[in-house]
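Below is one structure, written out as structure tokens; comments come after it.
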Amino acid sequence: MNPKDQLCINTLRFLAVDAVEKAQSGHPGLPLGAAPMAYVIWDRFLHHNPKNPNWFNRDRFLLSAGHGSALLYALLHSYGYALPIDELRNFRQWESKTPGHPEYGLTPGVEATTGPLGQGFAMGVGMAIAEAYLAASFNEAGTEPLIDHYTYAIVSDGDLMEGIASEAASLAAHMKLGKLVYLYDDNHITIDGSTDLAFSEDVGKRFEAYGWHVQAVEDGNDLAAIEATIEAAKAEAARPSIICVRTHIGFGSPKQDTASVHGEALGAEAMAATRDTLGWPKEPAFHMPQEASEHFQGAVTRGRELEDAWEARFAKYRTSRSKNAAKLERIIRGKLPEDWDADIPVFAPGEKKIATRAASGQVLNALARRLPALIGGSADLAPSNKTYLKDFDAFSGERPEGRNFHFGVREHAMAGVVNGMALHGGVQPYGATFLIFSDYMRPAIRLAALMNVPSIFVFTHDSVGLGEDGPTHQPVEHLASLRAIPGLTVLRPADANETAVAWRVAIEQRGPVVLALSRQGLPVLDSERYPVAQGVPRGAYTLADAAGGEPEVILIASGSEVALVMAARDVLEARGIKARAVSMPSWELFDEQPAGYREGVLTAGVPKVAVEAGSPFGWREYVGDNGAIIGIDRFGASAPGGVVMEKLGFSVDHVVEETVTLLGRQR
């Protein structure tokens, strides 16, 4: 290793461990061991512009092993991103830009929020998919490509142990994502101790079995070997690559190759010894040698040149392919075409009932014809979820321009991959399965909300009304669980027309959205009679108000139960009880409305009854202490959907009975 490279690597190491030491919190082991491979990626391969972290054709770099965040912050600071040294000194402190695990949108240059192990692995797969799709859709044969970048990641033992990584690795190989290059930090240590305690597989053979291009580097400090394997990985066009790099956690410290260096500061004595071993001065902390600084700053010049060259190619593209260029510029900016919603259907009321999953399928296909960025698929449930885009091919290694994704029975990876596609930009991704299986996806859904990315999650079979599959497939607590996630918008439309508007909301939202859709057919609301288009975006609205005065009771429902409260309202009105029926497809959207609007829908002092075929958890906020909630506090049962609903209390008679009882108590 030449002296300048050694100087730069040690600079990265000690910027990271000094940050951990000052905070007395963090993970110094990974930066000490993995700095050489990170340096090779950033110094020899990564196409990026530190002064414009959002340059679209940049390579993406993910630290899936997010516990080693101090290394990423050292890289970002050193290579010229807007992350001053004071932020490294403020590592893991309140309101710093250097949190304990990398956070997208907070720190310039951080491509994804990583920390929950395996998530970064899956998101990288999504980024590579987005690159492949956009390249196939917009690159012009015979000219230098506009979309041409790689996704690199450093992954850890912990990432590879998590099941999401197995799902995502299998999918990546099947899709032949040749621009995906992962370096495995094979340091043999986890928090418990040696990986041998729980992890004895041959990782290389495992990934060969998936269909990956596998290489190994025996010495994590051998820059030439690391560089050669990355070159070979880039030359492998038809397979994703993993490079197993044998490193030593806590390299150069007295705690090298021990679990204790994984998650705690070195301490003064070990820090001093590490500096001696690696030939680093005792003072000052956060030392940046002039020679290293000058070398790192070369990335700023290179980055500007790379982006300028790309802009020049784009200028030529605008001349030769003006329509395509305008389309690409629009989707890069996340802008919708003016007529994007022109084909969204309006459903006519009548005797025929329509499941909201079926209506969703029609809306989705109408949107796809005008939104080339809209891509996605289902976890082996497309016929049930109604999410297949009928006019388009399926994405594959041979047809990367395809817009339908067969994710297979891989819900956890699907959610992470969808997040990766959303993070990449230029596409509007969605993933679909049954609502019950959102349990498999929850960590990735939570990250989507934390990152505020526009991932759309389509969940069908949204209640016990799905019927005969029984309690293993009938969601009860899932709506409440999803609504508990900050920053996630959950929409449970009441009919086909609410579903159409819900999709419009999902496309226009800048954050993640869940659509919860029925298996069973539901009556269609007359969109000319009821203010569906205006009401759904506001989260809740009055469908039918009390006749001849202020209501004596307000009936509230979402989804399939809206038809139930509408019918119950008619019965109550016939009995002389003034009742208002409210559809409430989204708590989150309703909570964002001005107080005056919310009061106009859920008038204070009026008794309220909420009806939803799910856990009653959370509804008390809307009905108050004196209101009633008709929900489900048990698991479902295997029987026809209508029978299950009636047996569990979702009938007009039961809603009327509970309402009359409530009013009787309050008189």
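Summary table
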{"read-out": "Number of positions in the range 247-263 that are open to solvent by 20 Å² or more (accessible area, probe 1.4 Å), assigned to a loop (DSSP other than H, G, I, E, B) and among the small types (Gly, Ala, Ser)", "value": "1"}
{"read-out": "Helices (runs of 4 or more DSSP H) enclosed by the range 601-667 - at least 1 residues per element that are more than 25 Å from Ala540 (Cα to Cα) and open to solvent by 70 Å² or more (accessible area, probe 1.4 Å)", "value": "641-647, 652-665"}
{"read-out": "Yes/no for Gly33 being buried (at least 21 other Cβ atoms within 10 Å of the Cβ), at negative phi and touching a Ser or Thr at 6+ places or on another chain (Cβ under 6 Å)", "value": "yes"}
{"read-out": "Top-ranked residue of the range 264-296 - restricted to ones that are at positive phi and open to solvent by less than 30 Å² (accessible area, probe 1.4 Å), ranked as nearest to the chain's Cα centre (by Cα)", "value": "Phe286"}
{"read-out": "One residue from Val476, Val513 being in contact with a helix residue (DSSP H, G or I) (Cβ under 9 Å, 6 or more places away or on another chain) and under 13 Å from Ala448 (Cα atoms)", "value": "Val513"}
{"read-out": "Condition check for Arg575: surrounded by fewer than 17 Cβ atoms within 10 Å (Cβ to Cβ), within 26 Å of His461 (Cα to Cα) and among the basic types (Lys, Arg)", "value": "no"}
{"read-out": "Condition broken by Ala38, with the remaining ones in (1) in contact with a Ser or Thr (Cβ under 9 Å, 6 or more places away or on another chain); (2) within 15 Å of Thr247 (Cα to Cα) satisfied", "value": "(1)"}
{"read-out": "Exclusive hit being open to solvent by less than 10 Å² (accessible area, probe 1.4 Å), of a type outside the set (Lys, Arg), more than 21 Å from the chain's Cα centre (by Cα) and more than 30 Å from Glu311 (Cα to Cα), set Ala70, Ala23, Ala38, Ala65", "value": "Ala70"}
{"read-out": "Of the criteria (1) open to solvent by 10 Å² or more (accessible area, probe 1.4 Å); (2) of a type outside the set (S, T, N, Q); (3) assigned to a loop (DSSP other than H, G, I, E, B); (4) under 30 Å from Lys647 (Cα atoms), which one Phe437 fails", "value": "(3)"}
{"read-out": "Failed condition for Glu311, given (1) assigned to a loop (DSSP other than H, G, I, E, B); (2) under 32 Å from the mean Cα position of the chain (by Cα); (3) free of Cβ contacts under 8 Å to residues at least 12 places away in the same chain", "value": "(1)"}
{"read-out": "Qualifying position, being open to solvent by 10 Å² or more (accessible area, probe 1.4 Å), under 24 Å from Ala238 (Cβ atoms) and part of a loop (DSSP other than H, G, I, E, B), among Pro400, Pro372", "value": "Pro400"}
{"read-out": "Of all residues in the range 41-59 being in contact with a His (Cβ under 9 Å, 6 or more places away or on another chain) and in a helix (DSSP H, G or I), the one that is least open to solvent (accessible area, probe 1.4 Å)", "value": "Trp42"}
{"read-out": "Residue satisfying condition, being in contact with a helix residue (DSSP H, G or I) (Cβ under 8 Å, 6 or more places away or on another chain) and either open to solvent by 20 Å² or more (accessible area, probe 1.4 Å) or within 20 Å of Ala500 (Cβ to Cβ) (or both), within set Gly559, Gly549", "value": "Gly559"}
{"read-out": "Only one of Pro429, Pro349, Pro337 that is touching a residue at least 24 places away in the same chain (Cβ under 8 Å) and either aromatic (Phe, Trp, Tyr) or within 15 Å of Ala130 (Cβ to Cβ) (or both)", "value": "Pro429"}
{"read-out": "Which numbered condition Val464 fails, given (1) within 27 Å of Pro116 (Cβ to Cβ); (2) of a type in the set (A, V, I, L, M, F, W, C); (3) crowded, with 24+ Cβ neighbours inside 10 Å", "value": "(1)"}
{"read-out": "Residue under evaluation Ser384, criteria (1) in a helix (DSSP H, G or I); (2) touching a strand residue (DSSP E or B) at 6+ places or on another chain (Cβ under 9 Å); (3) open to solvent by less than 10 Å² (accessible area, probe 1.4 Å), criterion not met", "value": "(3)"}
{"read-out": "Subset of the range 513-536 [in contact (Cβ under 8 Å) with a residue 60 or more places away in the chain and within 30 Å of Asn419 (Cα to Cα)]", "value": "Val514, Leu515, Ala516, Leu517, Ser518, Arg519, Gln520"}
{"read-out": "Residue list for the range 484-504, filter: surrounded by fewer than 21 Cβ atoms within 10 Å (Cβ to Cβ) and not small (Gly, Ala, Ser)", "value": "Ile485, Pro486, Arg504"}
{"read-out": "Residue match in the range 133-141 (condition: without any contact (Cβ under 8 Å) to a residue 12 or more places away in the chain, open to solvent by 10 Å² or more (accessible area, probe 1.4 Å), over 13 Å from Gly416 (Cβ atoms) and outside any helix (DSSP H, G or I))", "value": "yes"}
{"read-out": "Failed criterion for Ala563 (all others in (1) closer than 16 Å to Leu662 by Cα; (2) among the small types (Gly, Ala, Ser); (3) touching a strand residue (DSSP E or B) at 6+ places or on another chain (Cβ under 8 Å) hold)", "value": "(1)"}
{"read-out": "Residue list for the range 86-97, filter: surrounded by fewer than 16 Cβ atoms within 10 Å (Cβ to Cβ) and either closer than 12 Å to Ala70 by Cβ or hydrophobic (A, V, I, L, M, F, W, C) (or both)", "value": "Trp94"}
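Residue-by-condition table, conditions (1) touching a helix residue (DSSP H, G or I) at 6+ places or on another chain (Cβ under 7 Å); (2) under 22 Å from His48 (Cβ atoms); (3) in contact (Cβ under 8 Å) with a residue 60 or more places away in the chain; (4) not charged (D, E, K, R):
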{"site": "Met161", "(1), (2), (3), (4)": "no, no, no, yes"}
{"site": "Ser170", "(1), (2), (3), (4)": "yes, no, yes, yes"}
{"site": "Glu201", "(1), (2), (3), (4)": "no, no, no, no"}
{"site": "Ala235", "(1), (2), (3), (4)": "no, yes, no, yes"}
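One line per residue, one yes/no per condition, for (1) in contact with a strand residue (DSSP E or B) (Cβ under 7 Å, 6 or more places away or on another chain); (2) without any contact (Cβ under 8 Å) to a residue 24 or more places away in the chain; (3) open to solvent by less than 40 Å² (accessible area, probe 1.4 Å):
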residue: Ser378; (1), (2), (3): yes, no, yes
residue: Tyr388; (1), (2), (3): yes, no, no
residue: Phe405; (1), (2), (3): yes, no, yes
residue: Leu447; (1), (2), (3): no, no, yes
residue: Phe457; (1), (2), (3): yes, no, yes
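Yes/no per residue for (1) of a type outside the set (Gly, Ala, Ser); (2) on the phi > 0 side of the Ramachandran plot; (3) under 40 Å from the mean Cα position of the chain (by Cα):
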| position | (1), (2), (3) |
| --- | --- |
| Ala546 | no, no, no |
| Glu552 | yes, no, no |
| Leu555 | yes, no, yes |
| Val562 | yes, no, yes |
| Ala568 | no, no, yes |
| Arg575 | yes, no, no |
| Trp587 | yes, no, yes |
| Ala604 | no, no, yes |
| Val609 | yes, no, yes |
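The values are calculated or read from the model by the stated rules, or taken from the named source; none is laboratory data. Here the structure is a predicted model, which means the values were calculated and not measured. Don't worry about glycine lacking a Cβ; one is built from the backbone with ideal geometry, like all the others, and counts go over all protein chains shown. For accessibility, only protein heavy atoms count, side chains too; no ligands or nucleic acids. Shrake-Rupley method; radii C 1.70, N 1.55, O 1.52, S 1.80 Å.
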